[in-house]
Amino acid sequence: MASMVLNSPQAVRMSVFVVKAFVAMRSMITTQQGLAKKLAELERSLTERLDTHEHAITDIIQQIMRLLSPPPEPETEPPRPSIGFGVRETRAVYGTRRPRRTIS
């Protein structure tokens, strides 16, 4: 663009230099496609590893949280039968008072 606005040999040289730089960048990008594929594959494998580690870390954290949480309240158990000898008789009544007699 500078060579179109400015009509000097230096402006023309700079314009040619910029065009050559873009041509060199394009050729470098096309020749480095193998490197780009390798980088994409490396990124994919690292992402898979991180996913695996992430799952392991979340499992560990869940287990730690389960250990730190208080245990659940035990359910009420039915009464246990008593062990040993038991007497099954009616209770004797002691010390009963007789009704008073009234003198008439």
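The values are calculated or read from the model by the stated rules, or taken from the named source; none is laboratory data. None of the values given here were measured: they were computed from a predicted structure. Every residue, glycine among them, receives a Cβ derived from its backbone with ideal geometry; neighbour counts consider all protein chains shown.
Of the candidates Thr31, Thr58, the single residue that is out of contact with any Gly (no Cβ under 8 Å at 6 or more places or on another chain) and surrounded by fewer than 10 Cβ atoms within 10 Å (Cβ to Cβ) is Thr31. For Pro71, the test of being under 60 Å from the mean Cα position of the chain (by Cα) and modelled with pLDDT under 80 is passed.
If you check Ser45, Ser82, which single one turns out to be in a helix (DSSP H, G or I) and among the polar types (S, T, N, Q)? First the steps, then the outcome.
Working: Ser82 fails: in a helix (DSSP H, G or I).
After ruling out the rest, the residue left standing is Ser45.
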